[in-house]
Amino acid sequence: MNYRPETAPPPPSGPLALEWRGFNVPPLRAGVTERAEVTVRNAGTVTWQPPDASERGVWLSFHWLDRFDNPIIWEGQRTPIPHALAPGEEATLATFIRGPIPPGPYRLAFDLVDEGRCWFAEVGNRPLQLDIDVKPRLAERTLSAHVMTGPAELVSATLRALEQQEEPIQDDGSIVVHLAPGCVPHGSWSRQILEAHDSGYGVVGGSVRLTGSRFRGRAIRANLRPWSPPFGRMPNWRLPLVCPSTAPDVRAWIAIGTPVAGLPTIDMTPHAEPWICDGRIRIDLPIRAAQQVDRLPVETRSTPA
């Protein structure tokens, strides 16, 4: 999406006057960050100063609005102007924009802010507003499963459950989910995983329901209690995601972590990538299977079959 300067909103008169000279915003997908460029010109009478050590100075930022101009995300990433801009000078600023969640029609509004003083729109400048149709995150809506090594009968039970999923499990799907042997995904599990990723989340986890005698495996039950259904959709879940799935653009830098009760996990709290734990994405795990998996060596558990 390229901008023609002759269609820019006209700058106002006054000391803090802004002229939008151009932009380049690529197509955006929910939850995915893309690089964009915006060119601005100082059309006022005072020099714009770049941010100092106290962050006072002029920055580029943006708002995500709905089509009625109601704010959805008020402040996006801030990008400092690269140097002092005297009246009449212009600069092209590179910024990074993450598509909002969920996909759909939005309005992207760029503005400058003089930190500690005001947004430029507050003194008469018109933001640069673009109507953006944010696409679903997944370019390819397919799912693969990595089942960790373990007892043959437990691995077979998991593979049989995968064959009965609503969405077919493929060898080279774009989304990869990690399972322990003995895990039995609920019938709608594959569809719900793909829907969560498509809505914009890079990493997705769900709930685990232990089945079998409630008098067995008390320690395992205690360890898995936070992931026990029922619960709803929990973005930015503060605990590790159990039996997680990952989108193709995050797998290179997000790794499987320390198991919980023998189940593979990812701890997303150090990362900025959007993630969610959705209790409706349910796995049933027989307590006897959980006890066998919990006794496997860590290096064995973490190896996909």
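The values are calculated or read from the model by the stated rules, or taken from the named source; none is laboratory data. For clarity, every value in this text was computed on a predicted model and none was experimentally measured. A quick note on method: Cβ atoms are made from the backbone with ideal geometry, for glycine too, and the neighbour counts reach across all protein chains shown.
Against the definition (touching a Cys at 6+ places or on another chain (Cβ under 8 Å) and under 25 Å from residue 157 (Cα atoms)), how does residue 264 come out, yes or no? Even if it seems obvious, please write down each step before you answer.
Numbers: touching a Cys at 6+ places or on another chain (Cβ under 8 Å): yes; under 25 Å from residue 157 (Cα atoms): yes.
Here the answer is yes, as residue 264 does meet what is asked.
Do the conditions hold for residue 191, that is, is it of a type in the set (Lys, Arg) and touching a Lys or Arg at 6+ places or on another chain (Cβ under 8 Å)?
no
If you check 64, 74, which single one turns out to be surrounded by fewer than 13 Cβ atoms within 10 Å (Cβ to Cβ), out of contact with any helix residue (DSSP H, G or I) (no Cβ under 6 Å at 6 or more places or on another chain) and not assigned by TED's automatic domain parsing to the domain that holds residue 209?
74
The conditions are (1) in a loop (DSSP other than H, G, I, E, B); (2) in contact with a helix residue (DSSP H, G or I) (Cβ under 8 Å, 6 or more places away or on another chain); (3) not β-branched (Val, Ile, Thr), and residue 157 fails exactly one of them. Which is it?
(1)
Look at residue 87 and say whether it is assigned to a loop (DSSP other than H, G, I, E, B), modelled with pLDDT of 95 or more and loosely packed, with under 15 Cβ neighbours inside 10 Å.
yes
When the residues of region 17-64 are filtered to those that are in contact (Cβ under 8 Å) with a residue 60 or more places away in the chain, aliphatic (A, V, I, L, M) and touching a Ser or Thr at 6+ places or on another chain (Cβ under 9 Å), which remaining residue is farthest from residue 112 (Cα to Cα)?
The selected residue is 30.
Does residue 42 satisfy the criteria of being crowded, with 22+ Cβ neighbours inside 10 Å, in contact with an Asp or Glu (Cβ under 8 Å, 6 or more places away or on another chain) and either closer than 17 Å to residue 95 by Cα or at pLDDT 95 or above (or both)? Break it down stepwise before answering.
Details: crowded, with 22+ Cβ neighbours inside 10 Å: yes; in contact with an Asp or Glu (Cβ under 8 Å, 6 or more places away or on another chain): yes; either closer than 17 Å to residue 95 by Cα or at pLDDT 95 or above (or both): yes.
Yes.
Which helices (runs of 4 or more DSSP H) sit wholly inside region 188-305 and have at least 3 residues that are modelled with pLDDT of 95 or more and surrounded by 21 or more Cβ atoms within 10 Å (Cβ to Cβ)?
Fully inside region 188-305 and qualifying: 189-198.
May I ask you to say which residue of 137, 98, 107 is in contact with a Leu (Cβ under 7 Å, 6 or more places away or on another chain), at pLDDT 95 or above and either among the basic types (Lys, Arg) or in a loop (DSSP other than H, G, I, E, B) (or both)?
107
Where residues in region 169-185 are surrounded by fewer than 21 Cβ atoms within 10 Å (Cβ to Cβ), within 24 Å of the chain's Cα centre (by Cα) and not polar (S, T, N, Q), which of them is nearest to residue 260 (Cα to Cα)?
Looking at the filtered set, the residue picked out is 176.
Mind counting the residues in region 116-154 that are in contact with a helix residue (DSSP H, G or I) (Cβ under 7 Å, 6 or more places away or on another chain), surrounded by 19 or more Cβ atoms within 10 Å (Cβ to Cβ) and touching a residue at least 60 places away in the same chain (Cβ under 8 Å)?
The total comes to 9.
With the structure loaded, tell me whether residue 225 is within 22 Å of residue 135 (Cα to Cα) and out of contact with any strand residue (DSSP E or B) (no Cβ under 6 Å at 6 or more places or on another chain) or whether it fails that test.
no
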